[in-house]
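Single-structure report; data block below.
Read-outs: derived from the displayed coordinates by stated rules, not from any lab. Because the structure is a prediction, the values reported are computed rather than measured. Neighbour counts are summed over all protein chains in view; Cβ atoms, including those assigned to glycine, are modelled from backbone coordinates with ideal geometry.
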Amino acid sequence: MTASFEALGLGPKLLAELASLGYEEPTPIQEAAIPPLVAGRDLLGQAATGTGKTAAFALPILERIGGEPALPHKPRALVLVPTRELAVQVAEAFHRYGRGVGISIVPIYGGQEFHRQIIALRRGVHVVIATPGRALDHLRRETLDFSELRCVALDEADEMLDMGFAEDIEVLLEATPETRQTALFSATLPPRIAAIAERNLRDPVRILIPRDKATKGSLPKVRQTAYVVPRAHKITALGRVLDIESPTLALVFCRTRLEVDELAERLVGRGFSVEALHGGMSQMDRDRVMRKARGQMVDLVVATDVAARGIDIDHLSHVVNFDVPSSPEAYIHRIGRTGRAGREGVAITFAEPREHRLLRNIEWATKQTIAISTVPTPLDVKARRLDLTKAAVREAIVAGDLDGFRVVVESLAAEFDPMEVAAAAVRLAHEATSGSATEEDTVEIPSPHTRPQHTGPQGRPQSRPQAGGWGGGGPGDWRGNDGPRSRQQPPHGRPPSLVRIYIAAGRNANLRPADLVGAIANEAGINARGIGAIEIGDRFSLVELPEQDAERVIDALRNATLKGRKVTVRLDDGRRRAR
Ligand code: AMP
């Protein structure tokens, strides 16, 4: 059982703030990091974006320096981050958590006027959140003074090193008091980070992700898919995926109570029958939701981890992670809700581009691949809805008992072509069940695969998502970078360009992403890590591959069988596809 925030040593004001934000329990990194940080220990933490690491260092800093006066130019705490976007994001987090503590926070990053930053520092500051280059500039201009500094946090240290900030960080740390407390967070711990930790942390508490946790075998049979979608498009993407998947019952997980309520409301707006479930609800309300879920009276239950603990519903067909869970254990726990009693379950995860590492950690922990899929297009959704209408009309024909309607058709047929009459009737039936298209249905959702390549600040190409799994490297994270200008170099070494191949078999043939990955890897001898996005339609599939491998894969698949059948395989040239 997870500890509560109360057990971590945080004061009542912060606890009240967390409750009002709808946080129900600490994430694993918070549970491990907050108590030693509140106690003043140094810390070396391996944690990626999405694990809740910001709160893991922000809450102890707020706890330790809250209530102290804000001094001009002399912050009590310094947080170093690699990019301006992260500086803004971390500053927002400090504001959110520190509302009740009365704290002054100044983000400082390249690209913004010095003057504005200096005015903010002059007014008095508790916490400076800075990119290293700009912090150093202020230090040299003496508009920042570290003599009162008590806490330093290095966030995404590996990224800062990748961006060439190693020297700047060393100079900044040199200028801080020896008595300071230091926390270093990094998604990876290469030797250079270990060396920085060795030099700058005093007897740190180490929180590392164990690599070889054998969770294999404990997972039920579940088809696992992820969609990488920018935050702004997540709800639209979720709506489309649910339309395509048409779950019997889906359990949709969110991080906080507020998110549960908001998402449930939005999904009701999209025409689903939805119930919310979280720890802020009375037992009676929760029981009512569970009764409805068991009685198949809802399509979706949107829930927090805490509220969904112990839920056991046989006909739960889908588990949806609206956010990537904060740890592999939480993921395993969640997806274990489906795929019960020998049924095949489906686990769908929405990840923001920055959260790719979490997916990779989950793959490591589960020793299973999460296929990365492309969000269905409005056309896919339309086609799927038409399929459903067709199936409903077919059922009505088979069920018979149409005599009362035949006279209507006959009288209309005297005036119009019977085909027109039938089409109009189908249209009415379709619109009555599927509703008419909303604005959201037409939005184009940018996919990581179609985004233009861009290079990092040192000309290093940002790697692209490795679909069919994330093992070989992460996606470019699309933060505008704020790297040291003087260190710019010309780009070199582009990632391989991708092409799509068309395979004339899809969902109707029970084809799943794993089948394609398996066939390609085994038949063509291609490393599965190189396979890009996989899209499975009803009657066809599209697979992205490095250009140089495409021909070999096409040849191999043409000579192989997929689900026991020979199928047409060709380069996808955007020709009209048979749905
Ligand atoms: P981070 O890993 O710091 O980028 O945090 C990821 C997201 O999780 C942020 O949107 C936080 O607001 C949210 N978050 C952090 N801690 C918790 C928690 N204990 N419960 C629910 N949400 C959280």
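Values for this structure:
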{"read-out": "Where only C-alpha atoms are counted, convex hull volume of segment 379-442 per residue in Å³", "value": "94"}
{"read-out": "DSSP-loop trypsin sites (Lys or Arg not before Pro) across segment 349-410, with at most 14 other Cβ within 10 angstrom", "value": "Lys367"}
{"read-out": "Stokes-Einstein D in µm²/s, Kirkwood radius over Cα pairs - segment 222-376 at 37 °C with 0.692 mPa s viscosity", "value": "213"}
{"read-out": "Span from the segment 173-205 Cα centroid across to the segment 266-343 one, whole angstrom", "value": "41"}
{"read-out": "Estimated FRET transfer efficiency when R0 is 22 angstrom, pair Arg294-Glu265 (beta carbons, to 0.05)", "value": "0.45"}
{"read-out": "The chain - charge dipole about Cα centre, Lys and Arg +1 at Cβ, Asp and Glu -1, debye rounded to 20", "value": "860"}
{"read-out": "Helix-derived mean residue ellipticity, 222 nm - over the chain, DSSP H n ≥ 4, -39500 (n - 2.57), to 500", "value": "-12000 deg cm²/dmol"}
{"read-out": "Spin-label pair Ala175/Asn522, simplified geometry with 7 Å Cα→Cβ offset, distance in nm", "value": "6.0"}
{"read-out": "Quarter of Cα convex hull surface for segment 126-195, i.e. mean projection, nm²", "value": "4.6"}
{"read-out": "Computed over segment 177-291, Cα set: Rg, Dmax in Å", "value": "21.6, 60"}
{"read-out": "Length added when fully stretched, His315-Val408, from 0.36 nm per residue minus Cα-Cα", "value": "29.5 nm"}
{"read-out": "DSSP-defined antiparallel bridges as percent of all bridges, the chain, nearest 5", "value": "25"}
{"read-out": "Sorted by Cβ density within 10 Å, fewest first, the residues Ser104, Ser411", "value": "Ser411, Ser104"}
{"read-out": "Alpha-carbon radius of gyration plus Dmax, which is the widest Cα pair, for the chain in Å", "value": "27.0, 94"}
{"read-out": "Three-way shape label, segment 5-208, alpha-carbon gyration tensor, a/c 1.5", "value": "oblate"}
{"read-out": "4 °C / 1.567 mPa s Stokes-Einstein diffusion coefficient of segment 496-571, Kirkwood radius on C-alpha pairs, µm²/s", "value": "109"}
